[in-house]
Amino acid sequence: SQQGEEDPQALSIQEGENATMNCSYKTSINNLQWYRQNSGRGLVHLILIRSNEREKHSGRLRVTLDTSKKSSSLLITASRAADTASYFCATDRGGGADGLTFGKGTHLIIQP
Amino acid sequence: GAVVSQHPSWVICKSGTSVKIECRSLDFQATTMFWYRQFPKQSLMLMATSNEGSKATYEQGVEKDKFLINHASLTLSTLTVTSAHPEDSSFYICSAEPRLAGVADTQYFGPGTRLTVL
């Protein structure tokens with residue numbers, strides 16, 4: 001079943017503004033991760049939040065996790081043109097070494 | 001640290017030929033590697049889990065005889081697309097999980113291989 005549905009699917013904002021992306025999932029997880037992908041390239045790991053954590057920060061990134069609602073949000077503050085990319089949340093399946101289930105992604109465009 | 005490489009980065013082949021893609025963890029050992037496929041403007045879909053020294057585990061709907069996976073060492077997994085057809089054209093991405101991870105943890109992704117089948 002599809003997990004990690006992000007919204008919005010596309011987001012266009014002005015440079016300097018904050019960008020918020022949301023992700024929902026369906027089953028229990030050990031952790032949730034956010035990745036960035038520039039067009040046609042590999043994935044860059046941004047942040048991992050474990051199921052017993054509620055909020056995590058890394059530089060301009062802030063991730064929240066609400067396991068009761070099975071949702072997460074990624075906030076990018078003071079956006080830059082270089083933040084233009086697709087952002088994916090990914091969840092494990094709750095056990096051991098396991099492949100990730102990716103959401104459909106949010107395509108973020110930062111207008112200069 | 002935690003670098004994963006893929007080779008080749010892109011390949012164009014004729015329909016009916018086989019293509020091998022390599023995934024290497026350069027500075028860590030990975031008991032488990034994963035193969036994903038990404039069609040244009042879509043998300044990544046897990047194809048299979050590659051386990052060192054044992055058979056790969058394939059996701060539902062992925063043909064194991066078409067996508068052969070070999071994980072011969074703790075730093076190398078290969079994906080062979082046999083008898084490739086145009087519908088196999090896609091972006092193939094591998095990831096590796098460091099061997100010492102006690103629980104499911106960060107996966108490190110390769111840069112991807114773009115396969116085009118003519």
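Output the residue which, of all residues in the range B:71-87 that are closer than 18 Å to B:Gly110 by Cβ and outside any strand (DSSP E or B), is nearest to the chain's Cα centre (by Cα).
B:Thr75
Any residue that is of a type outside the set (S, T, N, Q), touching a Cys at 6+ places or on another chain (Cβ under 7 Å), facing chain B (nearest Cβ under 10 Å) and within 24 Å of B:Phe91 (Cβ to Cβ) - is there at least one of those in the range A:97-104?
Yes, there is a match, as at least one residue in the range A:97-104 is of a type outside the set (S, T, N, Q), touching a Cys at 6+ places or on another chain (Cβ under 7 Å), facing chain B (nearest Cβ under 10 Å) and within 24 Å of B:Phe91 (Cβ to Cβ).
When you go through A:Thr64, A:Thr84 one by one, which is the residue that is under 30 Å from B:Leu115 (Cβ atoms), in contact with a strand residue (DSSP E or B) (Cβ under 7 Å, 6 or more places away or on another chain) and of a type in the set (Val, Ile, Thr)?
Sole residue among the options that is under 30 Å from B:Leu115 (Cβ atoms), in contact with a strand residue (DSSP E or B) (Cβ under 7 Å, 6 or more places away or on another chain) and of a type in the set (Val, Ile, Thr): A:Thr84.
Where in the range B:1-53 are the strands (runs of 3 or more DSSP E), entirely inside, with at least 1 residues that are touching a strand residue (DSSP E or B) at 6+ places or on another chain (Cβ under 6 Å), acidic (Asp, Glu) and without any contact (Cβ under 8 Å) to a residue 60 or more places away in the chain?
Filter on the range B:1-53 gives B:19-25.
Might you check whether a residue that is more than 8 Å from chain B (Cβ to nearest Cβ), over 11 Å from A:Met21 (Cβ atoms), among the charged types (D, E, K, R) and touching a residue at least 60 places away in the same chain (Cβ under 8 Å) occurs anywhere in the range A:70-82?
Within the range A:70-82, one or more residues are more than 8 Å from chain B (Cβ to nearest Cβ), over 11 Å from A:Met21 (Cβ atoms), among the charged types (D, E, K, R) and touching a residue at least 60 places away in the same chain (Cβ under 8 Å).
Any chance you could count how many residues in the range B:14-59 are at the interface with chain A (Cβ under 9 Å from one of its Cβ atoms) and among the aromatic types (Phe, Trp, Tyr)?
The number of residues fulfilling the criteria is 3.
Does B:Thr113 qualify as being within 20 Å of A:Gln37 (Cα to Cα) and either at the interface with chain A (Cβ under 10 Å from one of its Cβ atoms) or modelled with pLDDT of 95 or more (or both)?
The answer is yes for B:Thr113.
The values are calculated or read from the model by the stated rules, or taken from the named source; none is laboratory data. Note that the structure is a prediction, hence the values are computed from the model and not measured. Cβ atoms come from the backbone with ideal geometry, glycine included; neighbour counts cover every protein chain shown.
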